[in-house]
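Report on one structure; see the data block that follows.
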Amino acid sequence: MSPRTLTIVDVVHAPDGSTVTVAVDGVERTVRLGGLGPLVVEQAVDALRAALDAGASLDEATLPLPFVDVHCRTQRLAGPDGTLLLDDTHASSPDEVRGSLRVLADLGRSGLRTVAVIGPLRIDERDRLDEHDALGRIVVRLDISQLVVIGAEARHLYMAASLEGSWDGESVLFDNAASAYDFVRATTGPNTVILVSGGTYRAELAELVARLREGDS
C-alpha cells in the first residue's frame, strides 16, 4: 500500500484551543485540539500521520485528539481580572517566537486585546540586530496591540516596532522583567491576552509570569 499524502491546509488558534485542517489524498478534515500552539499542532499532525500509516481510515485518524498545552510554550494560564496569560518562556529562537506571536494574533482576532512581552532572543551575535529588527516588524504586521520589550539586548526589536508608522499599537522598553511588571499590570485587564515569550531571560520572565498570575494579592 502506497503512503498516503497528508498536507496541512490551515491552522487557527482560539482561546479554547487550536484547530488544524488537513488534506489526506485530497480529502479535507478539520480537527479541533484541546491544546494551544504550534507544538500542539505538530504533535497532532504527527499522530494523524502515524495512524494513517498504521492503516486507519481518515475518519478514524481524525477522531478528537486529547492534546493539552505544552509546558511553557503558549501554555494558557488564568491571570487576575479575567486576563489570559500565555506562558511561552521556553521559546528562545526567532522561529519559535514568531510562531507564538501568530498564536497571539489569532487570539486577538477573537476579540481579545493582545500584549506581547518579549525578552532578547538566543541568536548568534552577528545576526542579533537583523533578527530582532525582523521580529519587531512582525509584531506590527500582526497588529499586536502592545509590545513590551525586556532588556537592552533586544532594543532593536523595540525600535523596529516603534518606527513603523502604520502601526496603531505601542512599544515600550524596560531594562528587566521586574521593572516591566507595574506597566503590564496597569495596562491589562479583562479581555486581554498576554504572551510572555522567552529568550535569554528565562528565569526572569518565569518570575514575571508568576507575579502576573498572582496579581496584587
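The values are calculated or read from the model by the stated rules, or taken from the named source; none is laboratory data. This is a predicted model, so every value here is computed, not measured. No Cβ is skipped: glycine too gets one built from the backbone with ideal geometry, and neighbour counts run over all protein chains shown.
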> Going by the conditions given, is R122 in the same structural domain as A180 (by TED's automatic domain parsing), over 16 Å from the mean Cα position of the chain (by Cα) and in contact (Cβ under 8 Å) with a residue 40 or more places away in the chain?
Replying inline: yes
> Looking at the stretch 170-214, which of its residues are among the small types (G, A, S) and either part of a strand (DSSP E or B) or not assigned by TED's automatic domain parsing to the domain that holds A154 (or both)?
Replying inline: S171, S197
>> I need the full set of residues from the stretch 177-189 which are closer than 11 Å to E204 by Cβ and crowded, with 16+ Cβ neighbours inside 10 Å, in order please.
In response: A177, A180, Y181
> For the stretch 180-210, which residues satisfy the criterion of being closer than 19 Å to D88 by Cα and without any contact (Cβ under 8 Å) to a residue 40 or more places away in the chain?
Replying inline: Y181, R185, A203, E207, A210
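Please verify whether the stretch 117-140 includes one or more residues that are outside any loop (DSSP other than H, G, I, E, B) and at pLDDT 95 or above. Break it down into steps so the answer makes sense when it comes.
As a first pass, look at the stretch 117-140 and keep what is outside any loop (DSSP other than H, G, I, E, B): 117-118, 125-140.
Then drop every residue that is not at pLDDT 95 or above, which leaves 117.
The answer is yes; a qualifying residue exists.
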>> Being farther than 23 Å from G189 by Cα and either surrounded by 11 or more Cβ atoms within 10 Å (Cβ to Cβ) or in contact (Cβ under 8 Å) with a residue 60 or more places away in the chain (or both) is the filter here; which residues of the stretch 64-82 pass it?
In response: L65, F67, V68, V70
>> Could you check the stretch 192-217 and list, in sequence order, the residues that are among the polar types (S, T, N, Q) and closer than 23 Å to R102 by Cα?
In response: T192, S197, T200
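Do we have any residue at all in the stretch 134-142 that's surrounded by fewer than 15 Cβ atoms within 10 Å (Cβ to Cβ) and either within 24 Å of A14 (Cα to Cα) or touching a strand residue (DSSP E or B) at 6+ places or on another chain (Cβ under 6 Å) (or both)?
Checked against the condition, which is being surrounded by fewer than 15 Cβ atoms within 10 Å (Cβ to Cβ) and either within 24 Å of A14 (Cα to Cα) or touching a strand residue (DSSP E or B) at 6+ places or on another chain (Cβ under 6 Å) (or both), the stretch 134-142 yields at least one hit.
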